[in-house]
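Notes follow the structure.
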Amino acid sequence: MSESMPRTIADLPAQRAATPRSKAEARARYFNSGNAFNVKLSPIPGDSFTEEAALALHPDTRSTLFACDRSRELQCPFPATTPLVLARYARILANDTLCTNFAASGVVVYVIRGDGSTRCGEENVVWATGDLLVLPGGIAQAHTATSDSVLWIVTNEPQLSFEGVRPPAAGEAPTDVVHFTGAEMEKQIDLIYSIGRTNEIAGSALILSSDRQEASRNVLPTLTVAMNSLPPGGVQRPHRHNSVAVALIIQGENCHSVVDGKRKDWAQWATTVTPATATHSHVNNGSERAKFLIVQDGGIYYHTRAMGFEFVDR
Ligand SMILES: [Fe+2]
């Protein structure tokens, strides 16, 4: 056996047709079960975005967007907070309009502070602090602030970029404009607490959906949005799932998470990432009900029957 002979098929480089008769044949590459499944991807960073939040909220900041971008760490050729999800903060000064047109199938917007309105196609939604909007992708949005405003905006742009596909044409997105007011979400959370739950139910989260996504319990086929909460002294049972979680800390004094055994202290308005499959629990040592808004790529895993949810404390 010569020295250059591979020891096993794992040592083979990508093979090509020796004598291609066309460009199409020349483009073909051949791998095998030894060398095709050893691609090493970098792990999903599980840190928090506090600088982007501080910049968006800083008094001197002009109207602009701040992406929570980990594309370098993820080795992605497009902006991404996690492989399929991108979060941003938007600052919009009073009387300014910020126009966005994300290459996504839909857009989730939470109002951190301020009030104003968003025009999307024929519809105009008037929003205030604590409201949440879901907007269809493929249509430009004009966000006009009445008072100095900060928004948290999450999309599935990386999912479309990964596939190299365009956003849906106008009118063909999987959602219409949907408005969840802060007051109604509070009422719905109070209802959840007043009825109570068993220990087999994973937390006291309010899951947001819409008429068109009612069957999926999502806001978009792939994105799941939950307003999660934790009472003072509460601990969410340690669990894991295959979806990644991108969360905005709304109220979380003296709260922390434990992710794969590591403590992560919460900071208000930070965006935190819980990597897919990581074991995690949340702890509220404060005196107020903790609130955190979670966007997950859960729809993909439900659809593929691969959510992999499990409690890990038994
Ligand atoms: Fe979770």
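The values are calculated or read from the model by the stated rules, or taken from the named source; none is laboratory data. Every value quoted in this text rests on a predicted model; they were computed, and no experiment measured them. Note that each Cβ is placed from the backbone with ideal geometry, even for glycine, and that neighbours are counted across all protein chains shown. Just the protein is used for accessible areas: all its heavy atoms, side chains included, with ligands, DNA and RNA removed. Shrake-Rupley method; radii C 1.70, N 1.55, O 1.52, S 1.80 Å.
If the condition is being open to solvent by less than 20 Å² (accessible area, probe 1.4 Å) and more than 11 Å from the ligand (Cβ to nearest atom), then the range 257-271 contributes ALA270, THR271.
Considering every residue within the range 287-308, establish whether at least one is without any contact (Cβ under 8 Å) to a residue 60 or more places away in the chain, open to solvent by less than 20 Å² (accessible area, probe 1.4 Å), within 13 Å of the ligand (Cβ to nearest atom) and of a type outside the set (D, E, K, R). Looking for residues that are without any contact (Cβ under 8 Å) to a residue 60 or more places away in the chain, open to solvent by less than 20 Å² (accessible area, probe 1.4 Å), within 13 Å of the ligand (Cβ to nearest atom) and of a type outside the set (D, E, K, R), one finds none in the range 287-308, hence no. Restricting attention to the range 13-28, the residues being open to solvent by 60 Å² or more (accessible area, probe 1.4 Å) and under 14 Å from ASN38 (Cβ atoms) number 1.
Tell me yes or no: at least one residue of the range 76-99 is of a type in the set (S, T, N, Q), part of a loop (DSSP other than H, G, I, E, B) and more than 29 Å from VAL165 (Cβ to Cβ). For the range 76-99, residues of a type in the set (S, T, N, Q), part of a loop (DSSP other than H, G, I, E, B) and more than 29 Å from VAL165 (Cβ to Cβ): present.
If I filter the range 220-243 down to residues being within 24 Å of THR50 (Cβ to Cβ), part of a loop (DSSP other than H, G, I, E, B) and more than 10 Å from the ligand (Cβ to nearest atom), which single residue comes out as most open to solvent (accessible area, probe 1.4 Å)? Here the answer is PRO232.
Could you tell me which residue of the range 202-211 is farthest from PRO174 (Cα to Cα), considering only residues that are away from the ligand (no atom under 15 Å from the Cβ) and surrounded by 15 or more Cβ atoms within 10 Å (Cβ to Cβ)? Checking each candidate, the answer is LEU208.
Regarding the range 51-63, can at least one residue be identified that is open to solvent by less than 90 Å² (accessible area, probe 1.4 Å) and either among the charged types (D, E, K, R) or more than 25 Å from the chain's Cα centre (by Cα) (or both)? For the range 51-63, residues open to solvent by less than 90 Å² (accessible area, probe 1.4 Å) and either among the charged types (D, E, K, R) or more than 25 Å from the chain's Cα centre (by Cα) (or both): present. The residues listed here are GLY121, GLY116; of these, the one that is under 15 Å from PHE180 (Cα atoms) and in contact (Cβ under 8 Å) with a residue 24 or more places away in the chain is GLY116.
Screening VAL312 with (1) within 15 Å of the ligand (Cβ to nearest atom); (2) open to solvent by less than 20 Å² (accessible area, probe 1.4 Å); (3) β-branched (Val, Ile, Thr) gives one miss only, at (2).
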